[in-house]
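The values are calculated or read from the model by the stated rules, or taken from the named source; none is laboratory data. Quick caveat: nothing in here was measured; it's all calculated off a predicted structure. Backbone-built Cβ (ideal geometry, glycine too); neighbour counts: all protein chains shown. Calculation scope for accessible area: heavy atoms of the full protein, side chains included, ligands and nucleic acids excluded. Shrake-Rupley method; radii C 1.70, N 1.55, O 1.52, S 1.80 Å.
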Amino acid sequence: METKDAILELRRYLNLSQNEFAERLFVTRQAVSRWENGDTIPDTGTLKLIAKTFDVSVDYLLGLLIGQCQSCGMILVKNSDKGTECDGSKSEEYCTFCYQKGEFVQELSIEELVEHNLMDLDNWNRTNGLNLTKQEARTALLSFLPSLKRWKKENKPE
Ligand SMILES: [Zn+2]
C-alpha cells in the first residue's frame with residue numbers, strides 16, 4: 001500500500017470529509033486532495049502530526065504494515081485497534097478483538113468470525129469503500145478469511 005492509499009483509507013475509516021480531515025490537521029482541503037491523488041506526499045513532520053492526531057503509526061501511513069488483522073480481516077488503522085503481545089507491545093498482525101497478551105481471545109470458527117464482522121457491516125463497507133449486502137459480504141468473507149495467517153496454519157496438513 002502507498003501513502004496516498006493509507007491516507008484515503010484512514011479518512012474513510014474515520015468517516016471524515018476531506019474538509020473535516022484537513023481542519024483537524026490545520027492544512028487546506030487541497031493539500032489532503034493532493035495527498036490522496038498521490039501528487040504530493042506529506043513531509044515527515046506532517047506524517048508525525050497525522051499519526052499523533054488520529055492514533056495511527058507513521059509506518060502505517062508509509063504503507064509499511066500489512067494493515068489487516070490476520071484473524072478476522074479487520075483493517076488495522078488505529079493503534080487502539082491492535083491486539084497486544086505477551087510483553088504488552090502492540091501487535092502488527094492481530095486486532096484487539098482477536099488477540100490479547102500474545103494469545104487469541106476466543107476459540108472461534110471462521111463462520112462465527114464472519115457473523116461478528118457482519119454485525120458491523122456499515123463500518124466494514126465504509127472502510128473498504130464497498131457497498132455490499134449482508135449476503136454478499138458473507139460470501140466474500142468466507143472465501144477471503146481462510147487466506148489469513150491464523151487460518152492458514154490450522155488448515156495445513158500434518
Ligand atoms: Zn481480528
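Data table
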read-out: Loop-resident sites, segment 1-106, for chymotrypsin sites (Phe, Trp or Tyr not before Pro), counting at most 11 other Cβ within 10 Å (DSSP); value: Phe26
read-out: Total lysine pairs whose alpha carbons fall under 17 Å of each other in segment 52-158 (8 or more apart, or interchain); value: 8
read-out: Cα gyration tensor shape of segment 33-113, rounded if a/c is under 1.5, else prolate or oblate by comparing a/b with b/c; value: prolate
read-out: Global geometry of segment 70-110, whether rounded, prolate or oblate, following the gyration tensor of its Cα atoms and the 1.5 cut on a/c; value: oblate
read-out: For the chain: accessible area per residue (Å², 1.4 Å); value: 57
read-out: Debye intensity ratio I(q)/I(0), log10, the chain, q values 0.11, 0.16 Å⁻¹ (C-alpha model); value: -0.48, -0.95
read-out: Protein accessible area in the chain, 1.4 Å probe - carbon and sulfur %; value: 49
read-out: Helix-only [θ]222 nm of the chain, DSSP H runs n ≥ 4, -39500 (n - 2.57) each, per residue, nearest 500; value: -14000 deg cm²/dmol
read-out: Candidate residues Glu115, Glu107: accessible-area rank, largest first, probe 1.4 Å; value: Glu107, Glu115
read-out: Tensor-based shape of segment 88-158 (alpha-carbon gyration tensor, a/c under 1.5 rounded, otherwise prolate or oblate); value: oblate
